[in-house]
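These notes are about the structure you will find just below.
The values are calculated or read from the model by the stated rules, or taken from the named source; none is laboratory data. Everything quoted here is computed from the prediction, not taken from an experiment. Cβ sites come from the backbone with ideal geometry, for glycine too, and all protein chains shown count toward neighbours. Ligands, DNA and RNA are excluded from the accessible area calculation, which covers all protein heavy atoms including side chains. Shrake-Rupley method; radii C 1.70, N 1.55, O 1.52, S 1.80 Å.
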Amino acid sequence: MAAEPVSSKTKLAGQGSAAEMRALNLPETPFNYSDIDWPEHFRSAVERFDNTPPDNPMTDDGATLGRVLFYDKTLSANGTVSCASCHKQELSFTDDEPLSVGFDGEKVTRNSMSLVNARFYQRGRFFWDERARTLEQQVLMPIENPIEMGHDLDVLIPQLAADPIYPPLFAKAFGSTEVTVDRVAKALAQFVRSIVSFQSRYDLGVSQAGSYRRPFPNFTEQENLGKQVFLFRGNCASCHMSNALPFNPHRPDEPYDSSQRPARQMAFFTMTTPAVNGVDADTDDVDLGVGTISKAEIDRGRFKSPSLRNVELTGPFMHDGRFRTLDEVVEHYNWSIKPHPNLDGRLDDFAANGMALPEVPKVALVAFLKTLTDRTILTEEKWSDPFGQAAAE
């Protein structure tokens, strides 16, 4: 049971003369964010996939500060939205709209990605187009984005320093009360990296069977069939259970581990590089993804892919939220892949002939994907909103 909470009240910053008050409730002893007892099928891959930088190790106090910042609406220009507004815990830290709404009512340009297991994106780059080269960069960009939160970091930092809530939290996290952009970024990144999932029915099945290749005793016949489709006929695992960064002659600086290539990791269900999956043909009228940033022809149409963890809860799907259901996603790969010069080679056969799954294995594949749902993520207190509204005094 958590210790008795510490309460703090302060007038909402940026709200003028409003008498509205807020209360911050945190346990005396911080939640455990840093010492995770990974299941066996995670341990073998955690160190290699973890994108935590040496200068920002996870600490319980650092992630606690990040939690407060993540849910604090005063990080937006008018105090109406927070990071959590587009990354809702009950929806596996994403949104249920194709395009989320920013601080001034305008829609953002892409679908909000789930943050679950962001720590295990091996490349450590973020956004659909990977324009942020680290999570520490990514967490600051929405704050100053003119649609998302619309604030100015030069204004926000003294605002946070003057807020009674923050100096004690910064002191616990970093050893002094000084509020800086770097510390805000590090705390937010620690909190996001703390959001990890490994308690789904799939995880239980792996632990019982000892290998993802064997039938899982806790699965139905349909779910085990769906797992076989995912691994073999559908070839989904070649992308979503990849164990090493594939060699890219246009990116010779990227690491490549040929000794690991034949294997598959059992844990993360995250693609290791952005890819073209055939949702659009190659025209200037569509979102060019990574190509928008790099301007390289080879990157046109490439997008980062979020983890399939909790995919049952993270729709709508794709960078623009065009597919509402998992059935629609599967149907895309079944028959609707569009030709593209940069189409991922693992989809070449499907582009020509379709995945062509009959109804029974197609439904089974969706049933398997739903076994990746970890509902503990949705209610775990250490990732929940620490703010409570108090009556005006």
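Candidates are the residues of segment 350-365 that are under 27 Å from the mean Cα position of the chain (by Cα) and open to solvent by 30 Å² or more (accessible area, probe 1.4 Å); the one that is nearest to Val276 (Cα to Cα) is Lys362. Among residues of segment 191-207 that are under 21 Å from Thr52 (Cβ atoms) and touching a residue at least 60 places away in the same chain (Cβ under 8 Å), those with a Cβ under 7 angstrom from a residue that is crowded, with 24+ Cβ neighbours inside 10 Å and charged (D, E, K, R), sequence gap 6+ or separate chain, pair up as Phe191/Arg67; Ser197/Arg309.
Inclusion of Glu144 among residues that are free of Cβ contacts under 8 Å to residues at least 40 places away in the same chain, more than 14 Å from Cys83 (Cβ to Cβ) and of a type in the set (Asp, Glu) is not warranted.
Taking segment 124-141 as the range and being assigned to a loop (DSSP other than H, G, I, E, B) and either of a type in the set (Val, Ile, Thr) or open to solvent by 40 Å² or more (accessible area, probe 1.4 Å) (or both) as the test, the residues that pass are Arg125, Arg131, Arg133, Thr134, Val139.
Do any helices (runs of 4 or more DSSP H) entirely within segment 170-268 hold 2 or more residues that are open to solvent by 40 Å² or more (accessible area, probe 1.4 Å), at pLDDT below 95 and among the hydrophobic types (A, V, I, L, M, F, W, C), and if so, which? Give the derivation first.
Values: elements: 181-194, 201-209, 221-228, 237-240.
Passing ranges: none, list empty.
Please determine, by comparing only the residues of segment 283-294 that are part of a loop (DSSP other than H, G, I, E, B) and either among the aliphatic types (A, V, I, L, M) or touching a Gly at 6+ places or on another chain (Cβ under 6 Å) (or both), which one is surrounded by the most Cβ atoms within 10 Å (Cβ to Cβ). Here the answer is Leu288. Among the residues making up segment 23-43, those that are touching a residue at least 12 places away in the same chain (Cβ under 8 Å) and either under 24 Å from Gly210 (Cα atoms) or assigned to a helix (DSSP H, G or I) (or both) are Ile36, Trp38, Pro39, Glu40, His41, Phe42. Cβ separations smaller than 7 Å between residues 6+ apart or across chains give the following pairs from segment 209-229 residues that are within 17 Å of Phe42 (Cα to Cα) to residues that are open to solvent by 20 Å² or more (accessible area, probe 1.4 Å) and aliphatic (A, V, I, L, M): Tyr212/Met266. In this structure, Asn56 does satisfy being at pLDDT 95 or above, open to solvent by less than 10 Å² (accessible area, probe 1.4 Å) and under 24 Å from Phe170 (Cβ atoms).
All of Lys370, Lys295, Lys362, Lys382 fail the test of being within 30 Å of Val68 (Cβ to Cβ), at pLDDT 95 or above and basic (Lys, Arg), apart from Lys382. Check whether at least one residue in segment 325-335 is within 16 Å of Glu130 (Cα to Cα) and open to solvent by less than 20 Å² (accessible area, probe 1.4 Å), and report yes or no. No, because not a single residue in segment 325-335 is within 16 Å of Glu130 (Cα to Cα) and open to solvent by less than 20 Å² (accessible area, probe 1.4 Å). Take Asp320 and decide whether it is open to solvent by 20 Å² or more (accessible area, probe 1.4 Å) and in contact (Cβ under 8 Å) with a residue 40 or more places away in the chain. Yes; evaluated as a whole, the condition is true for this residue. Of all residue pairs spaced 6 or more apart or on separate chains, those with beta-carbon atoms under 7 Å, a first member in segment 79-95 that is among the charged types (D, E, K, R) and a second member that is part of a helix (DSSP H, G or I) and crowded, with 22+ Cβ neighbours inside 10 Å are Asp95/Cys86.
Might you let me know whether segment 97-115 holds any residue that is of a type in the set (S, T, N, Q), farther than 17 Å from His319 by Cβ and either part of a loop (DSSP other than H, G, I, E, B) or open to solvent by 30 Å² or more (accessible area, probe 1.4 Å) (or both)? Checked against the condition, which is being of a type in the set (S, T, N, Q), farther than 17 Å from His319 by Cβ and either part of a loop (DSSP other than H, G, I, E, B) or open to solvent by 30 Å² or more (accessible area, probe 1.4 Å) (or both), segment 97-115 yields no hits at all. Scanning segment 84-95 for residues that are within 17 Å of Thr379 (Cβ to Cβ) and open to solvent by 10 Å² or more (accessible area, probe 1.4 Å) gives Ala84, His87, Lys88, Gln89, Glu90, Leu91.
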